[in-house]
Each structure stands twice: as structure tokens, then as C-alpha cells.
Amino acid sequence: MKPVSVVIITLNEENNIRSCLDSIFNLDYPPFEVIIVDSSNDRTPHIVSEYKRVKLIKCKEKGFSNQRNIG
């Protein structure tokens, strides 16, 4: 099976990111990587940093297409 990357685009998701990541890590799936591309100005990056298996990429330019392409 080929490796899988899960790319999550965030903008001020401090109220939702924890449940999103917990749900992803509860999947019964072979190893995968999780990448967060974040443009937030709230506590989202702080919460993401609590998850050691997540790669956090800060993105100054907001926008779905831009953030998706960076991921």
C-alpha cells in the first residue's frame, strides 16, 4: 500500500482542531502522515503542537487553493 498524507487546511479552528485530529488518529489505517497548513491568528497552532505526529506549516497567505498547494 502506498503511503498516505492527510492535509488539513486551517484558519482559526481552535474550537475544532482537537476533535478533528483525535478522529483522524483513531482511524484503523496503515501509517499515514498528517500535515496542517495553518493561517490562524488564534490558538490553533498551539493545540496542533501538542500532537507529535503532526507536521505544522504556517502559511501567511490565506486561501483554500494556496494552502492546499502548500500542503
Taking the Cα-to-Cβ direction at Glu50 and at Asn69 and moving 7 Å from each Cα, how far apart do the two end points lie in nm? 3.4
Report Glu50's accessible area, 1.4 Å probe, all protein chains in place, as a number in Å² to the nearest 10. 90
Out of Leu11, Leu56, Ile70 - ranked by how far each Cα lies towards the positive end of the dipole of the chain, with unit charges on the beta-carbon of charged residues - the top one is Ile70
So what is the 222 nm mean residue ellipticity for the chain from helices alone, if each DSSP H run of at least 4 adds -39500 (n - 2.57) and you divide by all residues, rounding to the nearest 500 deg cm²/dmol? -7500 deg cm²/dmol
Calculated SAXS-style log₁₀ I(q)/I(0) at q = 0.12 Å⁻¹ - the chain, Debye, Cα scatterers: -0.30
So between Asp28 and Asp42, what do we pick up on full extension, going 0.36 nm a residue minus the alpha carbon distance? 2.0 nm
Counting only protein chains, not ligands or nucleic acids, how are Phe32, Phe64 ordered by accessible area (probe 1.4 Å), most first? Phe64, Phe32
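The values are calculated or read from the model by the stated rules, or taken from the named source; none is laboratory data. The structure presented is a predicted model; accordingly, all values stated were derived computationally and were not measured. No Cβ is skipped: glycine too gets one built from the backbone with ideal geometry, and neighbour counts run over all protein chains shown. Protein only, heavy atoms only, side chains kept; ligands, DNA and RNA dropped before computing areas. Shrake-Rupley method; radii C 1.70, N 1.55, O 1.52, S 1.80 Å.
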